[in-house]
Structure formats: C-alpha cells, structure tokens
Amino acid sequence: MKRRRLLATGAAVALAGCVSYAGDTDVSPSSETLIREAIEQRRGMTDLEARRTIRVETTEDAFQRTEEIAREPPAKQRIEVVESTDPDVPVGSVIVTNRTTTWEYNPATNVADRQYHPNKVDTDGTKRELEELRSAYRLDYGGTGTVGDRTAHVIETRPPVEDIDRSINLVVGDTEFVIPLDAAEDGEEISANRTVWIDDEYRYPIKERTTIADDEETRYELTVTYQDLAIDEGIEEDTFTFLPPADATVVTDGPEPDGVFDSRSAAATGLPYDLPDPDVPGPYVLDRITVVEMGDQYGGLTTTLWYNDPNVIARELYVTVRESQRFRPTSPALEEIDLDGRTAYRRDEGVRTIFWNCADLSYEVSSLRAETPLLEIASSIDCS
C-alpha cells in the first residue's frame, strides 16, 4: 500500500463561554439539543486560549503535535507548536492571523511567509460545521465520558454517504484535513465515523475523533483534544502580531493594502472619489475601511467599508467602491434587477451581492447572510 499522508490547512480552536446546564442531571440531553446549544455558545464567544493536541494515525505511521492556541473569532488567531513528531510541522512553527494579514513561520527553513488578505470575508467555519452536523448527519447519543478532568457528552455521528470525500472539516476548530484517498481507483468501500465530545459545563465541543475505514479496516484516525481552557477571559492585543526572526527569509503574497482605517475621515484622505455613506441596519457598526490598489484589471483603487454586528461572530456586510467595473453582467450567476431606475445585478449564491455602476464608479454591497437587506442598503447610497 502506498504511503498516505494527512495534510492540515488553516487551524483554529472553537470553544465558547461557560454556562451551566440547568436541567435535571439525571436526564440525558438529546444530541440535537447538545449541538443546538453548542451553536448558541459559538455565536456569543469572544475569545479563548487553549492547548490543542492533534494525533493522526494511518495504516503505516502516526504522528502527534501539541499547539498553544489563542483565538478571537472570526479573524484573529495564533498557533504555536510546542511539541511535535510531525515531520511537516516542527516545534516552533507559528501561524498568526488578523483581519488583513497571515504570517506562517517554519523554523526548519527559517522562512516567514506573509500573506496579505485585506478584503478577505471572515466566515465562521466552526458554526457552519455544527449546523451541518445538526441538519445533515445522523446523530446518536453515546452517554458521558471524560476528557482530561472534564465530563463530556458523547455524540456518534455519520455523514451522508455522498459527503465522504477527500477532506475532513473539523467541528472542533476551523481546520480542514485533506486526505489523499484513492478509493475511487481501487474500488474500496469507504466509511466515515465522527465522534464529538460536548463539554457538560461549557456545552461546546472539546474533543473530536474521525475514523476513515475501508472493508472494516481503519485506514486513518484523527483525534483532536483541548486542555487548559481559558474562555472569554481576554487576550492581549499583541498576541495577534508577529515579528519574524532578524535572520529569517521573508516571502510575501497578496495585495498589500494602501491603508486600513478606523474612520471615514482618515480613509478619505487622498482618495480620488467620495466615500459612500450607506444606511445599514442595526446593530451593524463600521469596523474598518480598507484601501487597496488592485490594478486596472481588478477594479483599480478599491475601497471597502466593513460593517459587523459586535454581538454575533462573523455577521458582517460590506460596501465596495472601485474605479472600474470588475463584475461580468453576462455571468450566469448574475440576475439583472432594477435599482431606483438604474440597471443592477444580483448574485444570490455564496457571498450575496448587488453590483451596479454610477458616476464613473462601480459599487458592490455584499453579505453572506440571506436576511441582509442588500437592496435597501444599495438604494441608500448616493452615487450621483
């Protein structure tokens, strides 16, 4: 059998603030109730620190690593590897992400990779995965167990058959493990089983184990656990900045922003056009304004006003102004609509957006949430 390796991309922890279960302790909650409570906990979480251990076992080898993690979802995270037998992720590896930049440092090569992503839409992968569990997976309650010194409820889950593929999106953290399965080539029947431990006090996942098997033989097993949790206790802001070693090689990718501003007046200085002042629904507030030179092919000087709901993780909308049109009206994903007598275009899949041109500028209003009143927000923008 060829050597098969599991690769991890993007990593984060997802734990929530502490609540006590007020129900009868002699009555076991249903799996549906536990997942629903975990989703509610995730919605209100502000920050966490934890020690995460990841263990991977295959038919041919095994490795493990332990990471110190800090998170302010949805955008900020710091992961530092403190123990590792994983040849691809040595001790001292660091990932630091904030709203606009991600650093990845590999001490084995002494290379620091800085990726700019000033206009990245921040989604809540953990909440989305919990919702997927609740809506699409078969759930069985497995009683209680112990994770470290904590009591947890065990939920056995199985994905729909059509969802067994080459990637595992963890419910415990925004992490995707990609598996080079070759079952399609050798005709093996693949089955997957995911076990999730929901902490009794926090009502949130603190452990997960996923197994991939063929013909009754386990080919892969991935286990993730958390210890030393500190939840909603506050994290120092400089946790999410990174200064590479003086002798490190620094490589960069992505468009470096001309500026990231916290007010309209600061962002407006030097712009060749006026900033829009949209009416956004409460409780959205202006979070930041990014200005990026994207080049003529991608809209020229692009300004994005980001609004978020401070009470809910990853609930945001944004308004973008470009010097030139980037959208394609002939795209099958776009529907032509009327916007106060002007022709506009609506996209309803993925990031929901309304696009239109006015006064030599191109505008976009976008959100991931179906209930966001995009048309009303677009109508409130004066582009005459």
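With respect to the conditions (1) modelled with pLDDT of 95 or more; (2) open to solvent by less than 20 Å² (accessible area, probe 1.4 Å), residue 352 lacks only one, and its number is (2).
Are there strands (runs of 3 or more DSSP E) fully within segment 189-304 with at least 1 residues that are open to solvent by 50 Å² or more (accessible area, probe 1.4 Å) and of a type in the set (Val, Ile, Thr)? List them. Spell out how you get there, then give the answer.
Values: elements: 190-199, 205-214, 217-231, 249-253, 259-261, 285-293.
So the answer is 217-231, 249-253, 259-261, 285-293.
The strands (runs of 3 or more DSSP E) falling completely within segment 50-143 that include 1 or more residues that are of a type in the set (Val, Ile, Thr) and farther than 30 Å from residue 364 by Cα map to 62-72, 76-84, 94-97, 111-116.
Can you pull out every residue in segment 305-326 that is aromatic (Phe, Trp, Tyr) and open to solvent by less than 20 Å² (accessible area, probe 1.4 Å)?
Across segment 305-326, the qualifying residues are 306, 307.
Within the span defined as segment 177-188, one or more residues are part of a loop (DSSP other than H, G, I, E, B), at pLDDT below 90 and under 21 Å from the mean Cα position of the chain (by Cα).
Tell me yes or no: at least one residue of segment 108-130 is open to solvent by 30 Å² or more (accessible area, probe 1.4 Å), within 19 Å of residue 245 (Cα to Cα), of a type in the set (Val, Ile, Thr) and assigned by the TED database to the domain that holds residue 194. Yes, segment 108-130 contains at least one residue that is open to solvent by 30 Å² or more (accessible area, probe 1.4 Å), within 19 Å of residue 245 (Cα to Cα), of a type in the set (Val, Ile, Thr) and assigned by the TED database to the domain that holds residue 194. The set of residues from segment 29-62 being surrounded by fewer than 22 Cβ atoms within 10 Å (Cβ to Cβ) and of a type in the set (S, T, N, Q) comprises 30, 33, 46, 53, 58, 59. Taking residue 101, is it closer than 21 Å to residue 257 by Cβ and either in contact with a strand residue (DSSP E or B) (Cβ under 6 Å, 6 or more places away or on another chain) or crowded, with 18+ Cβ neighbours inside 10 Å (or both)? In short, yes.
The values are calculated or read from the model by the stated rules, or taken from the named source; none is laboratory data. Everything numeric in this text was worked out from a predicted model, so none of it was measured. Reconstructed Cβ throughout: ideal geometry from the backbone, glycine too, with neighbour counts over all protein chains shown. Only protein heavy atoms, including side chains, enter the accessible area calculation; ligands, DNA and RNA are left aside. Shrake-Rupley method; radii C 1.70, N 1.55, O 1.52, S 1.80 Å.
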